[in-house]
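Asker: Below is the structure I would like to discuss, written out as structure tokens.
The values are calculated or read from the model by the stated rules, or taken from the named source; none is laboratory data. Quick caveat, the model's predicted, so the values are computed rather than measured. For neighbour counting, all protein chains shown are included, and Cβ atoms are generated from backbone atoms with ideal geometry for every residue, glycine included. Heads up: the accessible areas ignore ligands, DNA and RNA and are worked out on the full protein's heavy atoms, side chains in. Shrake-Rupley method; radii C 1.70, N 1.55, O 1.52, S 1.80 Å.
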Amino acid sequence: MLLQLPGPQSYVVITKNVRLSPELYHRLGARIPVLERTDSNAQLNWPFTQNELESFLQ
């Protein structure tokens with residue numbers, strides 16, 4: 001979905017395997033994948049649409 005965003009992208013994506021962290025796995029659970037902004041700590045939890053993703057990143 002990130003690759004389908006319109007226009008040039010300048011996002012840094014950091015992936016984490018939540019199965020390696022019991023705390024993250026239990027906290028995020030069925031909401032995986034979860035996107036988190038580093039500037040505001042806002043989270044976008046699955047399921048989300050392309051439009052919701054675009055709004056989240058603005």
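Asker: Taking the range 12-39 as the search range and keeping residues that are among the charged types (D, E, K, R) and assigned to a helix (DSSP H, G or I), which one is least open to solvent (accessible area, probe 1.4 Å)? Steps first, please.
Answerer: Residues of the range 12-39 that are among the charged types (D, E, K, R), as a first pass: 16, 19, 23, 27, 31, 36-37, 39.
Now narrow it down to the ones that are assigned to a helix (DSSP H, G or I): 19, 23, 27, 31.
Values: Arg19: 177, Glu23: 105, Arg27: 118, Arg31: 78 Å².
Top of the filtered list is Arg31.
Asker: Anything in the range 39-58 that is of a type in the set (Ser, Thr, Tyr) and farther than 16 Å from Gln9 by Cα? List them, or say none. First the steps, then the outcome.
Answerer: To start, the set of residues in the range 39-58 that are of a type in the set (Ser, Thr, Tyr) comprises 40, 49, 55.
Answer for the range 39-58, where residues must be of a type in the set (Ser, Thr, Tyr) and farther than 16 Å from Gln9 by Cα: Ser40, Thr49.
Asker: Under 7 Å between Cβ atoms, at least 6 apart or on separate chains: pull out the pairs that start in the range 5-23 with a residue that is closer than 19 Å to Asp39 by Cβ and end on any residue that is at pLDDT 90 or above and open to solvent by 90 Å² or more (accessible area, probe 1.4 Å).
Answerer: Going by the 7 Å Cβ cut-off, there are no qualifying pairs.
Asker: Quick check on my filter: what residues within the range 1-11 are outside any helix (DSSP H, G or I) and more than 13 Å from the chain's Cα centre (by Cα)? Walk me through how you get there before you give the answer.
Answerer: Here is the first cut: in the range 1-11, the residues outside any helix (DSSP H, G or I) are 1, 5-11.
Answer for the range 1-11, where residues must be outside any helix (DSSP H, G or I) and more than 13 Å from the chain's Cα centre (by Cα): Leu5, Pro6, Gly7, Pro8, Gln9, Ser10.
Asker: I'd like the full set of residues that are at pLDDT 90 or above and on the phi > 0 side of the Ramachandran plot, limited to the range 2-58.
Answerer: Within the range 2-58, just Asn41 meets the criteria.
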